[in-house]
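Please read the structure below before turning to the comments.
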Amino acid sequence: MGDVHSINDEEVGEPEVLTLPLDAWHRGRGGRMVEFAGYWMPVQYEGIIAEHLWTRTSAGLFDVSHMGQLYISGEGVEPALEAVLPIDLATLKPNGPRYSLLLDENGGVLDDLMVTRWSNGFYLVVNGATKWDDIGHLREHLPDEVTINHLDDSALLALQGPQAAAALERIVAGDQPLSSLTFMKGAAFKIDGVDAWISRSGYTGEDGFEISIPAEAAERVADLICAQPEVKPIGLGARDSLRLEAGLPLYGHDLSPETSPVEAGLLFGINKRRRAEGGFPGADRILREIADGTARKWVGLVLEGRQAAREGATVHFGADQIGVVTSGGFSPSREQPIAMAYVTTAHAAPGTKLEIEVRGKRLAAEIVPTPFVPHRYFRGA
């Protein structure tokens with residue numbers, strides 16, 4: 001092997017894999033690191049199923065600092081942002097996150113995101129794998145008077161599970177109690193003297209919080225949260241199985257420029273006034289689909305047996321292929337395989353019996369309503 005020339009990533013043109021503020025923290029806690037969205041991230045610590053079930057019964061801490069945190073402000077920011085998002089910003093109260101979408105001119109989904117009205121502008125959280133494209137798209141379509149500030153010196157943590165509130169309540173201080181936050185509400189707090197923006201939201205279907213903090217304080221805050229007896233660190237693997245059970249789409253799998261919000265069942269991301277008036281990218285197609293329907297729909301499926309169907313598996317009704325799986329796996333909570341797929345509208349009704357082809361074998365499946373596990377968001381006493 002002495003004659004083999006050693007080459008590095010730069011020489012072959014491969015992009016560098018970046019590290020998150022908590023990289024050493026994850027490795028020190030036994031996190032098995034994988035490349036995801038251009039970053040090294042922990043896929044698991046003690047095991048995906050154990051971490052999944054812990055989050056469903058107690059509280060799990062997820063590092064989601066790969067997500068893009070943006071602050072958009074400046075003269076005329078509200079009408080400018082309304083021109084690129086299908087959201088009615090007049091209905092957006094201060095500090096209340098709202099789900100929305102970034103659409104192309106044909107109504108295809110470029111990304112899904114959360115938008116919050118802050119004092120003089122809007123805070124957006126976008127997907128990690130698409131954040132650079134999103135920033136470029138926004139810069140292209142927003143006027144020069146509007147500033148896009150990428151908050152790349154901030155970390156983002158998610159504390160999820162039925163015991164999340166009890167654990168976090170012990171360590172936060174603020175002008176209002178943590179219990180005053182209901183689902184999709186946020187406020188400024190301090191954690192051990194560290195400024196934190198906390199919203200009651202998440203990606204697991206459980207009660208929980210997303211916590212934006214300075215990157216330099218990420219280890220200190222993560223240590224303090226994980227010192228609570230209810231909390232364990234949780235990796236990407238369980239994050240994916242939890243969101244699958246919750247019936248939540250993952251961009252790049254269930255959503256893409258080839259999918260529209262109507263066929264994906266995401267009309268709640270397009271406000272009522274905007275559906276009536278249009279005036280956003282792709283509005284012509286989307287308003288037509290609202291009126292006339294779509295050729296296919298995104299549905300939930302449960303499979304017989306124990307074998308799971310993964311993304312790309314074909315869905316069949318008799319001799320006809322009528323769809324394709326976009327997300328699938330084994331549900332630790334239900335102890336059975338589940339999947340989500342786009343199928344022809346004629347075969348999209350709950351109770352429809354279908355087959356999914358996996359490695360040349362047909363598996364029996366049935367369309368069911370989602371979520372597969374009930375959402376347990378905290379909406380108040």
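Rule-based calculations on the coordinates, nothing more; no lab input. Because the structure is a prediction, the values reported are computed rather than measured. As a convention, Cβ positions derive from the backbone with ideal geometry for all residues, glycine included, and neighbour counts pool all protein chains shown.
Just add up the charged neighbours of residue 200: K/R +1, D/E -1, any other residue whose Cβ is under 15 Å from the Cβ of residue 200.
Numbers: positive: 93, 98, 185, 376, 379; negative: 169, 206, 207, 210.
Spelling it out: positives minus negatives among the neighbours equals +1.
Take the Cα coordinates of region 303-352, assign each an equal point scatterer, and use the Debye formula without solvent to give log10 I(q)/I(0) at q = 0.23, 0.28, 0.32 Å⁻¹.
-0.88, -1.12, -1.21
Mind ordering 155-166, 120-131 by average Cβ neighbours within 10 Å, highest first? Mind showing how you got there, number by number?
Values: 155-166: 23.2, 120-131: 20.5.
Ranking, from highest mean packing down: 155-166, 120-131.
Among 136-148, 317-329, 226-238, how do they line up by average Cβ neighbours within 10 Å per residue, starting with the highest?
Numbers: 136-148: 14.0, 317-329: 17.2, 226-238: 21.1.
Going by the mean number of other Cβ atoms within 10 Å, highest first, we get 226-238, 317-329, 136-148.
Once you order the gyration tensor axes a ≥ b ≥ c over the Cα atoms, which shape class does region 238-381 get: rounded for a/c under 1.5, otherwise prolate or oblate by comparing a/b with b/c? Can you show the working numbers first?
Numbers: a/c = 2.18, a/b = 1.36, b/c = 1.60.
It is oblate, given that a/c is not under 1.5 and a/b is not larger than b/c.
Just flag the GluC sites (Glu not before Pro) in region 72-122 sitting in loop per DSSP whose Cβ has no more than 14 other Cβ atoms within 10 Å.
75, 105
Using a Förster radius of 51 Å, what is the FRET efficiency between residue 291 and residue 170 based on their Cβ-Cβ separation? Nearest 0.05, please. Write down the numbers at each step before the final one.
Details: r = 52 Å, r/R0 = 1.01.
So, using R0 = 51 Å, E works out to roughly 0.50.
Taking the chain as a Gaussian network, Cα atoms linked when under 10 Å apart, which of 290, 87, 49 shows the biggest mean-square fluctuation?
290
Give me the net charge of residue 358's neighbourhood, meaning all other residues with Cβ under 15 Å from the Cβ of residue 358; Lys, Arg count +1, Asp, Glu -1.
On the way: positive: 306, 310, 359, 361, 362; negative: 304, 311, 355, 357.
Value of the local net charge: +1.
Which lysines does residue 297 reach when only Cα atoms under 30 Å apart count, and residues fewer than 8 places away in its own chain are ignored?
Leaving aside lysines fewer than 8 places away in the same chain, those within reach of residue 297 are 131, 272, 353, 361.
Under a 5 Å amide H to amide H cut-off, with H placed in plane at 1.01 Å, what residues pair with residue 327 once short-range neighbours are removed?
Under 5 Å from the amide H of residue 327: 340.
Report the label-to-label distance for residue 256 and residue 276 in nanometres (one decimal), using points 7 Å from each Cα along the Cα→Cβ vector.
The two pseudo-label positions are separated by 3.6 nm.
Once every DSSP H run of n ≥ 4 in the chain is given -39500 (n - 2.57) and the sum is divided by its residues, what mean residue ellipticity at 222 nm do you get, rounded to the nearest 500 deg cm²/dmol? Before the final figure, lay out each step's value.
Values: 10 runs with 80 residues, N = 381.
Theoretical 222 nm ellipticity from helices: -5500 deg cm²/dmol.
With +1 on each Lys and Arg Cβ and -1 on each Asp and Glu Cβ, how big is the dipole of the chain about its Cα centre, in debye rounded to the nearest 20?
On the way: 34 positive and 53 negative charges, 377 e Å.
The dipole magnitude comes to about 1820 debye.
If you take the square roots of the eigenvalues of the alpha-carbon gyration tensor of region 242-288 and sort them as a ≥ b ≥ c, do you get rounded (a/c under 1.5), prolate (a/b over b/c) or oblate?
Judged from the Cα gyration tensor, region 242-288 comes out prolate (a/c at least 1.5, a/b above b/c).
Report the net charge of residues surrounding residue 92, where surrounding means a beta-carbon distance below 13 angstrom and charges are Lys +1, Arg +1, Asp -1, Glu -1. Please list the in-between numbers first.
Numbers: positive: 93, 98, 117, 185, 273, 274; negative: 78, 82, 88.
Spelling it out: positives minus negatives among the neighbours equals +3.
Taking H placed 1.01 Å from N in the peptide plane, check which residues at least 5 places from residue 151 or on another chain put their amide H under 5 Å from its amide H.
Hits under the 5 Å cutoff: 69, 70, 71.
At residue 18 and residue 179, where each label point lies 7 Å from the Cα along Cα→Cβ, what is the point-to-point distance in nanometres?
For the pair residue 18/residue 179, the computed spacing is 4.0 nm.
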